[in-house]
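The values are calculated or read from the model by the stated rules, or taken from the named source; none is laboratory data. Everything quoted here is computed from the prediction, not taken from an experiment. Neighbour counts run over all protein chains shown; Cβ positions are idealised from the backbone, glycine included. Ligands, DNA and RNA are stripped out before the accessible areas are found, and what is left, the full protein with its side chains, is counted by its heavy atoms. Shrake-Rupley method; radii C 1.70, N 1.55, O 1.52, S 1.80 Å.
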Amino acid sequence: MKTANRFKPNKPLAPAATTKAAMLFIAFCGNVQAQTATTAPASGADEKTLPAVRVSATPELDAATQGTASYTTRAVTLGKTPQALRDIPQSVSVLTRQRIEDQNFTQLETALDQMTGLQLDASTGIGSANLYSRGFLINNYQFDGVPQIFLGTSFTGSDLAVYDRVEVLRGAAGLLQGSGNPSATVNLVRKKPTQKFAASATASAGTWNFARGEVDVGGPLNGTGTVRGRVVAVQENRDYFVDVTNSKKSVFYGVLDVDLGPATALSLGVQRQRVYAIPFIFGLPRYADGRSLNLPRSTMLVPAWNRWSQNIDEVFLNLDHYLDNTWKLNLAFNTAPQEQDFKRSITRGTGTAFGVNPANPAASIYTGVRWQSEGDRRNLDASASGPVLAWGRKHEVVVGVNANDYVSNTRSSAFLPAVAIPNVFAFNPYSVAEPNEGPFTAGTTLRTRQYGLYGSARLEVTDPLTLILGARLSGYTTQTNNHNLLTSVTTVGREVSYQRQLTPYAGLVVALDRQHSVYTSYTDIFTPQTVQFNAAGVELDPIVGSNYEVGVKGAYAGGAVNTSAALFRIDQTNRAQEDIANPCATARIANACYVAEGAVRSQGFEAEVSGRVLPDLDISAGYTFNETSYLQDRTNQGQPLRAQTPRHLLKLWAQYRPPVDGQRWTLGAGVNAQSAYYAMNGAVRSEQDAIAIVNLRVGYQVSKQIGASLAINNLLDTTYYASIRGVDFGNLYGDPRNLMLTLRASY
């Protein structure tokens, strides 16, 4: 399926208005081409007749990837307007629809783990995962360019069937996002209805009883094509390599596009996802001295009654209107009510810091918790973008406002006293009877609001030099109320507020020629500190993550191949430090013993190439070198900010169409490699050696409409930990060797 290019305006002007409109275009925008007739007027013609004028509209860069068969894209939409990758003065990667299908990615966290510079931390098991970039947790997410507040809701569990592509901008992105970490911003771009009818069906089966069906149908709904629709449905049932664990998932996505007029388009949609799982939350412990227990990868060290479910319902709309001067007005809104319910426990050893005593392989099951939550994210963004003529040149301007409102209500109860596991090497998950958790005893109500006014300008200083300047003025408030559900007493928390937070942006792009550009940029992002206060009871200044970057980008073969290389440095300042002069014991209020004086640094190098480097060879390859350290910290001075961040990350995938059998065959191979890393529990060090995971794929195009593929993941069956947290818990094995057979039919 491929969506049509959108033009500004996307339909011709009415004949009576053509001449007037052309004059306005010429005067104010500079992107209308007027061509005077070269033939002499007919004899007797009125000498006052205006010469013929031809109006041509400039198409927007089309960022859609489905139907392009490409591993790269001409443009991304992270910055509100489509921009070519080489015009953005930061590191940007795109996971296209073609690559999603080639590598059979179904879950967002699995796909992000294949992208340059990103590292998956799966220490929370099925249903939730953390991703890191440049040593910092990624908590900046967008849907179709609309920022979301991320406070514990699971974006990483999103099914990829509904998305055209995933865009990732690494480093700070406060101009786009407001608050967050200087890690990366992930923009999930949904599929759009197509101009012509198209349909596809996919069936997959694989190791551990994996079974998945997917249907995607779209096209015009009326004779003129001004109303278009698309529906995606998914059903997936699967077990995992860990005993007992399984999940069931269903997804429905429907979107309707309506052309309200020649220059106005409305998009309305719903998205629903249901998941029920028996997970292995928080994983395995280790020996108290940091060594791996070397348990079989199938080991489940929690009772079989652990469970987790999640329901997400999202409604969204997008309204575009193009003015005659080629300015675009956009209004976007989404709301996403979510429900979660889980009952879980954690297994820890009985040795020092909960590690397992090497002389006594016993453990205990702790902290049984029943937890429910209902929450909603409401997000609004309104923007105007277009050209401005000044100093004899055309510049691009974006101005806008957005607002986010996140509210959640939770209920919980702790029900499980310690249950002994005499021998971790011989535990039966069904041996522990499911206890009655009793009534919910505690609850919270959390409300967080953020709003901002933003603007940016791409100034064409000279033909090769573009200066990008921008700023955002943000406000942020949050409040948590705690409820004793046994006594019906509510403790109202204080409202923490940050107002008039200014986030600057500056970038410089120099086009060396038609293929290459060099750039430098500065941007930052702020992170509210909502727990610690100073001795006077005042909120600490927000943490500020400043991102400095310099790099070079290339675009070849008309954008079919994109390359980049960058040096980056992130300095995060204002981190909370204990105020020794005002110790907690004598502070005036709880948690009022901190000052905003800590600082950390992350720096390194990244390089990437993606696209069709040869007529029959597609590649996506990225390398990252990253070092992190505490620059100013009373307890961790000189230590790595996050010891689990590898210094070296290599992500490589290549697919080749050999010149045999009419090029029906495709051969794919890839490797994910990383250097060693470790986790600390006090003075105890837990290590994961350097690893390289090899994946293969063989595909065959049976006919124009039908294709089949077989994927073999972890070909060498390497045993490794996908994440390590230390001796207590949070250590999960990576997937053993597994196979997946996929059949795809399209029309």
- Item | From phi via Karplus (6.51, -1.76, 1.60), per-residue ³J(HN,Hα) for the stretch 572-581 in Hz, x at Gly/Pro | 10, 10, 6, 6, 5, 10, 4, 8, 5, 6
- Message: Could you compute Rg(Cα) / (2.2 N^0.38 Å) for the stretch 454-589, with N its residue count?
- Response: 1.59
- Message: Please list, ordered by chain and number, the residues whose modelled amide H lies under 5 Å from the amide H of Asn738; skip anything fewer than 5 residues away on the same chain.
- Response: Asn713
- Message: Of Ser200, Ser93, Asn562, which is farthest towards the positive pole of the chain's charge dipole, taken about the Cα centre with +1 and -1 on the beta-carbons of Lys, Arg and Asp, Glu respectively?
- Response: Ser200
- Task: Please report the orientation-averaged projected area of the stretch 675-738, defined via the convex hull of its C-alpha atoms, in nm².
- Result: 5.7
- Once phi is turned into ³J(HN,Hα) by the Karplus curve 6.51 cos²θ - 1.76 cosθ + 1.60 with θ = phi - 60°, what whole-Hz value does each residue of the stretch 224-231 show in order, with x for glycine and proline? 8, x, 7, 10, 10, x, 7, 10
- Message: What three numbers, in Å, describe the spread of the alpha carbons of the chain along their principal axes, ordered from the longest?
- Response: 109, 70, 49
- Sequence ranges 573-582, 278-287, 509-518, 301-310, ranked by mean other-Cβ count within 10 angstrom, highest first: 278-287, 301-310, 573-582, 509-518
- Message: From Cα pairs below 8 angstrom and at least 6 apart in sequence, can you work out the relative contact order of the chain, rounded to a whole percent?
- Response: 11
- Task: State in Å² the accessible area per residue of the chain; use a 1.4 Å probe, count heavy atoms of protein chains only, and round to the nearest integer.
- Result: 42
- If you put +1 on each Lys and Arg Cβ and -1 on each Asp and Glu Cβ, how big is the dipole of the chain around its Cα centre, in Debye rounded to 20? 780
- What residue among Tyr287, Ala708, Gln644 has its Cα farthest toward the positive end of the dipole of the chain, where the charges are +1 on Lys, Arg and -1 on Asp, Glu, each on the Cβ? Ala708
- Message: Given 10 °C and 1.306 mPa s, compute D for the stretch 447-514 with the Stokes-Einstein relation, Rh being the Kirkwood radius over Cα pairs; round to the nearest whole µm²/s.
- Response: 101
- Return the tail of the calculated pair distribution for the stretch 348-424, meaning the percent of Cα-Cα pairs more than 21 Å apart. 65
- Task: Subtracting the Cα-Cα distance from 0.36 nm times the residue separation, let me have the gained length for Thr224 to Thr477 in nm, one decimal.
- Result: 86.3 nm
- Item | Enclosed volume per residue, in Å³, of the convex hull spanned by Cα atoms of the stretch 624-706 | 131
- Message: For the stretch 318-383 and the stretch 649-683, what is the centre-to-centre distance using only Cα atoms, to the nearest Å?
- Response: 29
- Item | Cα centroid separation - the stretch 221-248 against the stretch 262-311, whole Å | 19
- Carbon plus sulfur fraction of accessible area for the chain, probe 1.4 Å, in percent: 58
- Note on the structure: For the stretch 605-747, the Cα convex hull volume per residue in Å³ comes to 147
- Query: Going down the list Lys248/Lys651; Lys80/Lys196; Lys196/Lys553, which pairs span over 32 Å between their C-alpha atoms?
  - Reply: Lys196/Lys553
- When Rg is the radius of gyration of the Cα atoms in the stretch 269-311 and Rh is its Kirkwood radius, what does Rg/Rh come to? 1.19
- Task: Inverting the mean 1/r over all pairs of different Cα atoms, compute the Kirkwood radius of the stretch 90-247 and quote it in Å.
- Result: 17.1
- Message: Counting only Cα atoms, I'd like the Rg/Rh figure for the stretch 225-295, Kirkwood definition for Rh.
- Response: 1.36
- From phi via Karplus (6.51, -1.76, 1.60), per-residue ³J(HN,Hα) for the stretch 282-288 in Hz, x at Gly/Pro: 6, x, 9, x, 10, 4, 4
- Message: Distance between the C-alpha centers of the stretch 713-738 and the stretch 459-507? Whole Å please.
- Response: 37
- Query: Over the stretch 315-421, what is the mean sequence separation of C-alpha contacts under 8 Å (at least six apart), divided by residue count, expressed as relative contact order in percent?
  - Reply: 28
